[in-house]
Amino acid sequence: MRYTPFSYRDRYGLRLQRLTLDGGFTCPNRDGMLGTGGCTFCDNAAFHPGYTRGKSIAEQLEAGIAFHAQRGRRADGYLAYFQAFSNTYAPLPILRERYEAALSHPSVKGLVVGTRPDCVDAEKLDYLASLKECGKILEVEYGIESVFDPTLERVHREHTFACTEKAVRETAERGLPVGGHIIIGLPGETREMLLEEADILSSLPLTSLKFHQLQIIKGTQMEKEFAQRPGDFLRLGPDEYVDLLVDMLERLRPQIAIGRIASSVPPAFTDAPWGLLKHEELLRRLEARMEERNTRQGIKSAL
């Protein structure tokens, strides 16, 4: 392939399925520690599977296994994916209780922990590394969203990119795979800035990266901002988006595996500007476009 796809089978030799969990956490810019209301683009309900609501960790795991089994998805094991909100935003004894409740399930091979870069410290990272040393699969995913401080401030992220860089490097130093999520189309950002972002991301010790096109979620602060200042937003159709992705992938070192190239939310939460275009179709277009341009991931990377 012309880009590096993320594959658990390549990484661990197993067909693994993530089970999305809600660990009952919140975020520091929701509970008043840093702010209230959260990031301007965020409504966690938009990407929460229904089976997580109102259940214990064990019940969520069983419901998730049943959910994937109904869809004929075969797996050699499962990874408990703590996704909702910031999953290291609690004292270590609480984290240990929630994580080990998931790891006690006989079909769970490890954890994927999604969090903010300002919600980790040496003690928490050392604990996660100790689980990996015990033979569990451990991965940490950070919501990077943007590498530009003015953007982070505008979307009420309440931390700087320096905080992100520190967290990514300290996590990688402990031998933990580090994933990142970024959003393409945040207000104020241009195509040129996004190409620069690819260069900056390439310099970090990331093992994987997920791209998300900005979706304007109903009821969020960003919906109001978009209505007032639509010209501040880089709004791309699917083919334009694919072309930008190709440009960014050319600058991204090939060792970074690509986990997603776009996101989706239920139609009830957004105006669905791309209609019902599926991720698989977007992948097909990306592969075809890279073939047409005779290019590949990392071809313009300086690393």
Output for Cβ contacts, cut-off 8 Å, separation at least six or different chains, first residue part of a helix (DSSP H, G or I) in segment 190-209, second at pLDDT 95 or above and basic (Lys, Arg), reads Leu195/Arg251; Ala198/Arg251; Asp199/Arg251; Ser202/Arg251; Ser202/Arg253
Across (1) in contact with an Asp or Glu (Cβ under 8 Å, 6 or more places away or on another chain); (2) crowded, with 20+ Cβ neighbours inside 10 Å; (3) basic (Lys, Arg), Arg53 clears everything bar (2)
(1) open to solvent by less than 50 Å² (accessible area, probe 1.4 Å); (2) within 25 Å of Lys166 (Cβ to Cβ); (3) at pLDDT 90 or above; (4) in a loop (DSSP other than H, G, I, E, B) all hold for Arg30 apart from (1)
Pairing a residue in segment 129-156 that is farther than 30 Å from Gly77 by Cβ with any residue that is modelled with pLDDT under 95 and among the polar types (S, T, N, Q), where Cβ atoms lie under 7 Å and the two sit 6 or more apart in sequence or on different chains, gives Val155/Thr40; His156/Asn29; His156/Thr40
Conditions (1) open to solvent by less than 50 Å² (accessible area, probe 1.4 Å); (2) of a type outside the set (S, T, N, Q); (3) assigned to a helix (DSSP H, G or I) -> His212 fails only (3)
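Got a number for residues in segment 167-189 being surrounded by 15 or more Cβ atoms within 10 Å (Cβ to Cβ) and either of a type in the set (A, V, I, L, M) or in a helix (DSSP H, G or I) (or both)?
Restricting attention to segment 167-189, the residues satisfying the condition of being surrounded by 15 or more Cβ atoms within 10 Å (Cβ to Cβ) are 167-168, 170-172, 174, 176-189.
Of the ones still in play, those that are also either of a type in the set (A, V, I, L, M) or in a helix (DSSP H, G or I) (or both) are 167-168, 170-172, 176, 178, 182-184, 186.
Final tally of qualifying residues: 11.
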Contact list, first residue from segment 1-16 and under 19 Å from Arg293 (Cα atoms), second anywhere and surrounded by 14 or more Cβ atoms within 10 Å (Cβ to Cβ) and at pLDDT below 95, beta-carbon distance below 6 Å, six or more apart or interchain, is none
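The values are calculated or read from the model by the stated rules, or taken from the named source; none is laboratory data. Note that the coordinates shown come from a computational prediction; the quantities given were computed from them, not determined experimentally. Note: ideal-geometry Cβ built from the backbone for every residue, glycine included; neighbour counts use all protein chains shown. Surface accessibility is based on the protein's heavy atoms, side chains included, excluding ligands, DNA and RNA. Shrake-Rupley method; radii C 1.70, N 1.55, O 1.52, S 1.80 Å.
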